[in-house]
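What follows is a short report on a single structure.
The values are calculated or read from the model by the stated rules, or taken from the named source; none is laboratory data. Given the structure is predicted, the values throughout are model-derived calculations rather than measurements. FYI the Cβ positions are ideal-geometry reconstructions off the backbone, even for glycines, and counts take in every protein chain you see. Heads up: the accessible areas ignore ligands, DNA and RNA and are worked out on the full protein's heavy atoms, side chains in. Shrake-Rupley method; radii C 1.70, N 1.55, O 1.52, S 1.80 Å.
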Amino acid sequence: MKIGLIQILCLLVFHQVIGQSQRSIDNPMPTRQVHLDFHTSEHIPSVGNKFDKRQFQEALKLGKVNLINIFSKGHHGWSYYPTKVGKMHPNLSFDLLGAQLEACHEIGVKAPFYFTIGWSELDAREHPEWTIRNRDGSINAPGYDWDAPENSERPTYLWKRLDPSFGTPYHDQIMRQVEEICQRYPKLDGFWFDIYHVAKRNYNQYAMARMKKEGIDIRDTIAVERSHALALKKHMNALRDLVSKYRPEATVYFNAVTRIEDVSWFKERLFDMDTHQDLEDLPTTWGGYNKLPLDAKYHLQQGVPVTGMSGKFHKAWGEFGGFKHPDAITYEAASMISFGASCNFGDQLHPSGEMDLETYRNIGKAYEYVEKVEDYGPGGLPLSKLGIWLTLNEAADHGVVNMLLELHEDFVVAEEKNLDDLDVIIVPSEPSLSESQTQKLNDWVKKGGKLLVFGEGALNETKTQLMLNVGAEYLKPSDFQFDYTVVKKDIGRNIVSTPFLNYDAGLQTRPTTGEVLASIREPYFNRTYDKFNGHRETPYTLEDSPYPAVLKNGNVVFIAHPLDRLYYVHGVRMHRELFKNSLDLIYDSPLIKVKNLPSAGRVSLLKQKKENRYIVHLLYAPALRRGEVSVIEDFLPVPNVELTVDVGEKIKEVIQIPEDKSLNFIKEDGKLKITVPTFTMHTGIVLKY
């Protein structure tokens with residue numbers, strides 16, 4: 001009964017959304033954006049007193065900014081305009097929001113309104129019943145020391161959490177204030193609603209009443225998460241309708257619902273509520289430099305424009321006086337453009353209202369480069385014959401992505417709707433395939449498709465039987481904590497001939513029709529308190545086990561170990577080489593091959609159909625780990641990169657950007673061969689047809 005009610009609710013939300021539109025990928029967002037945080041405490045005096053329209057505009061011009069998110073309401077709960085619904089900041093004496101909007105529009109800069117949702121200190125203080133609750137009824141605020149003296153140091157990023165789900169008083173309050181803003185500012189550009197990621201479950205009085213009505217068993221974590229997600233989706237839908245009523249062309253974005261790692265949100269496609277997708281990631285301290293490619297590819301494939309979102313800070317949001325070097329900002333911006341995204345860098349306005357011009361000089365240096373290349377990124381679609389099937393296990397999915405990025409094997413996200421566009425699909429090591437998906441993949445293989453499958457990714461969700469035809473019979477998980485792999489010459493390129501370690505053991509299978517290309521070598525025993533050898537793993541026995549480490553069954557390659565997760569955690573190059581050699585067995589006609597680019601380099605192929613061109617983007621700027629932070633510093637020249645391009649259209653001209661220089665190319669067996677002139681940091685090779 002409970003599932004039926006939830007499904008009905010989901011369908012109702014879906015039908016309500018039909019009339020709302022998302023921006024087309026052919027209509028990308030402005031390319032040079034800033035997100036201007038302004039979370040300002042009531043304990044700070046003279047808020048906004050140094051705001052000056054000309055100085056504000058000077059900063060935007062210096063930064064070459066064409067869109068900036070400005071604040072209507074921040075995390076402290078105060079509003080920055082005269083409001084009858086919310087509460088204006090007690091130390092602000094004028095309409096700062098309106099003044100900023102006027103300053104932006106006067107120089108042709110878009111200015112969507114930021115509005116906090118999940119964190120609002122004032123609302124949580126005045127209405128504790130609106131806060132998200134744990135199952136025991138306590139307030140959900142991890143890290144909050146309720147017994148700490150008032151003058152003790154407060155941890156960073158510590159806020160009480162609020163639930164705006166549809167049908168709650170907090171949702172109603174938000175609706176009233178957003179309507180007030182729409183009425184007060186008829187020329188508004190959009191809304192940027194923040195903080196939807198902070199809790200996947202809620203057990204406050206309003207959530208409990210809703211779940212009781214839906215027939216939810218509150219002991220069922222998955223059902224509770226789904227109920228919460230759908231209630232949020234209905235809240236978002238109501239906000240979309242409200243904004244559209246007053247300003248149909250306005251953009252609306254709900255932050256964090258794009259994140260693939262937030263599984264319950266992602267499964268319910270809360271991101272469909274957005275008019276576009278902003279992909280937040282401050283790669284110096286969280287997310288990392290390998291996060292954007294997968295996120296951008298997925299959302300671009302949904303047909304919606306994306307914006308990459310980082311920060312000007314050395315570490316993260318709210319860091320006053322923290323500066324990322326302009327070289328690093330430039331690399332991040334070039335990477336965003338390369339993967340088809342517009343650019344956004346976060347700043348935090350000083351409570352006085354005065355813009356920090358040094359910040360905008362730094363951003364301006366990066367955006368000066370973006371101006372030269374921005375026409376060759378947003379509006380493009382990623383293109384590849386190689387796809388990764390998302391399992392929504394972060395380590396498994398991103399382990400595959402990290403290896404592909406380092407091997408310069410460009411990829412897209414495989415889905416049921418694009419199977420016929422792909423030659424090879426990689427299935428990571430998390431069981432995720434439904435029976436219908438399995439049937440479609442098996443049928444696709446029979447028609448010539450090829451699979452590379454890691455470990456448990458080939459199993460059903462209960463991990464009891466193989467779902468994909470890998471040429472073996474499933475026996476059981478290994479009895480060992482770890483094991484070793486011994487490869488045959490067929491896949492031994494750049495791999496030792498002796499056994500090499502796997503930090504987690506592989507599945508035990510019995511070959512049937514599959515050809516064994518590598519075998520598992522087992523240890524003498526597990527490492528225990530009672531029985532152990534030396535410092536770490538027990539040595540391997542002297543004979544191979546009967547269990548294959550790698551099997552090839554026609555168009556299917558099966559790797560028994562979770563090499564994807566192992567690579568994500570341990571980064572063993574031998575594991576990456578085994579993956580590459582296994583992939584090479586079945587992937588013989590990529591759209592693009594790259595030679596002589598270091599492993600820290602990145603490759604992205606985009607197609608701008610409207611412009612009749614492809615762009616091969618090449619990046620190189622290794623991130624160095626320094627303390628808690630990954631730092632981009634050295635731009636070394638990259639010589640002698642060779643490209644082999646195999647696309648269907650007849651290429652008429654090849655140009656290198658940003659130099660706008662025509663390049664020679666040769667045709668060989670129907671493929672284009674291009675030698676890329678030495679570049680630093682980034683270049684793009686434009687193929688016009």
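Key figures
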read-out: Selection status of MET273, touching a residue at least 60 places away in the same chain (Cβ under 8 Å), under 24 Å from the mean Cα position of the chain (by Cα) and surrounded by 23 or more Cβ atoms within 10 Å (Cβ to Cβ); value: yes
read-out: Which listed residue, of THR330, THR275, THR285, is among the hydroxyl-bearing types (Ser, Thr, Tyr) and either under 16 Å from PHE193 (Cα atoms) or touching a Gly at 6+ places or on another chain (Cβ under 9 Å) (or both); value: THR275
read-out: Output for the range 611-655, where each listed residue is open to solvent by 60 Å² or more (accessible area, probe 1.4 Å) and either under 19 Å from GLY377 (Cα atoms) or β-branched (Val, Ile, Thr) (or both); value: GLU611, ASN612, GLU653
read-out: Qualifying residue in the range 335-351 (condition: outside any loop (DSSP other than H, G, I, E, B), touching a Lys or Arg at 6+ places or on another chain (Cβ under 8 Å), open to solvent by 10 Å² or more (accessible area, probe 1.4 Å) and not acidic (Asp, Glu)); value: yes
read-out: Tally of residues being in contact with a Lys or Arg (Cβ under 7 Å, 6 or more places away or on another chain) and closer than 10 Å to SER227 by Cα across the range 195-214; value: 2
read-out: Residue that is touching a Cys at 6+ places or on another chain (Cβ under 6 Å), open to solvent by 10 Å² or more (accessible area, probe 1.4 Å) and on the phi < 0 side of the Ramachandran plot, where the choices are TYR331, TYR246; value: TYR246
read-out: The range 512-524, residues that are part of a loop (DSSP other than H, G, I, E, B) and in contact (Cβ under 8 Å) with a residue 40 or more places away in the chain; value: THR512, THR513, GLY514, GLU522
read-out: Selection from the range 127-152 of residues that are surrounded by 12 or more Cβ atoms within 10 Å (Cβ to Cβ) and either over 25 Å from ALA209 (Cβ atoms) or of a type in the set (A, V, I, L, M) (or both); value: ILE132, ILE139, ALA141, TYR144
read-out: The range 218-243, subset of a type in the set (Asp, Glu) and assigned to a helix (DSSP H, G or I), residue most open to solvent (accessible area, probe 1.4 Å); value: ASP241
read-out: Residue list for the range 43-97, filter: in a strand (DSSP E or B) and either among the basic types (Lys, Arg) or touching a residue at least 12 places away in the same chain (Cβ under 8 Å) (or both); value: VAL47, LEU67, ILE68, ASN69, ILE70, PHE71, SER72, LYS73, SER79, LEU92
read-out: Matching residues in the range 592-624 - criterion: being of a type in the set (Gly, Ala, Ser) and farther than 18 Å from PRO677 by Cα; value: SER599, ALA600, ALA623
read-out: Where a residue in the range 211-240 is free of Cβ contacts under 8 Å to residues at least 60 places away in the same chain and its partner, wherever it lies, is open to solvent by 10 Å² or more (accessible area, probe 1.4 Å) and in a helix (DSSP H, G or I), with Cβ under 7 Å and at least six apart; value: GLU225/SER264; ALA229/SER264
read-out: Tally, over the range 177-199, of residues that are under 25 Å from TYR157 (Cβ atoms) and assigned to a loop (DSSP other than H, G, I, E, B); value: 5
read-out: Cβ-Cβ under 7 Å pairs, at least 6 apart or on other chains, the range 298-318 side within 24 Å of ALA328 (Cβ to Cβ) and open to solvent by 10 Å² or more (accessible area, probe 1.4 Å), far side hydrophobic (A, V, I, L, M, F, W, C) and not in a loop (DSSP other than H, G, I, E, B); value: LYS312/ILE329; LYS312/PHE345; LYS312/ILE363; HIS314/VAL629; LYS315/VAL629
read-out: Boolean, THR509 is assigned to a strand (DSSP E or B), touching a residue at least 60 places away in the same chain (Cβ under 8 Å) and farther than 30 Å from GLY684 by Cα; value: no
read-out: Residue among ALA141, ALA124 that is in a helix (DSSP H, G or I) and of a type outside the set (Asp, Glu); value: ALA124
read-out: Lone unmet requirement of (1) loosely packed, with under 14 Cβ neighbours inside 10 Å; (2) basic (Lys, Arg); (3) within 16 Å of LEU404 (Cα to Cα) for LYS593; value: (1)
read-out: Answer residue from the range 656-678, given it is over 21 Å from LYS609 (Cα atoms) and polar (S, T, N, Q) and is surrounded by the most Cβ atoms within 10 Å (Cβ to Cβ) among those; value: THR675
read-out: Qualifying positions in the range 521-577 - acidic (Asp, Glu), under 14 Å from PRO499 (Cα atoms) and surrounded by fewer than 16 Cβ atoms within 10 Å (Cβ to Cβ); value: GLU543
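Yes/no per residue for (1) in contact with a strand residue (DSSP E or B) (Cβ under 9 Å, 6 or more places away or on another chain); (2) within 21 Å of TRP78 (Cα to Cα); (3) modelled with pLDDT under 95:
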site: ILE181; (1), (2), (3): yes, yes, no
site: ALA199; (1), (2), (3): no, no, yes
site: GLN205; (1), (2), (3): yes, no, no
site: ILE216; (1), (2), (3): no, no, no
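Here is a yes/no grid of residues against (1) at pLDDT 95 or above; (2) closer than 29 Å to ARG176 by Cβ; (3) more than 24 Å from the chain's Cα centre (by Cα):
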| residue | (1), (2), (3) |
| --- | --- |
| ASN27 | no, no, no |
| HIS35 | yes, yes, no |
| GLY48 | yes, yes, yes |
| GLY86 | yes, yes, yes |
| SER93 | yes, yes, yes |
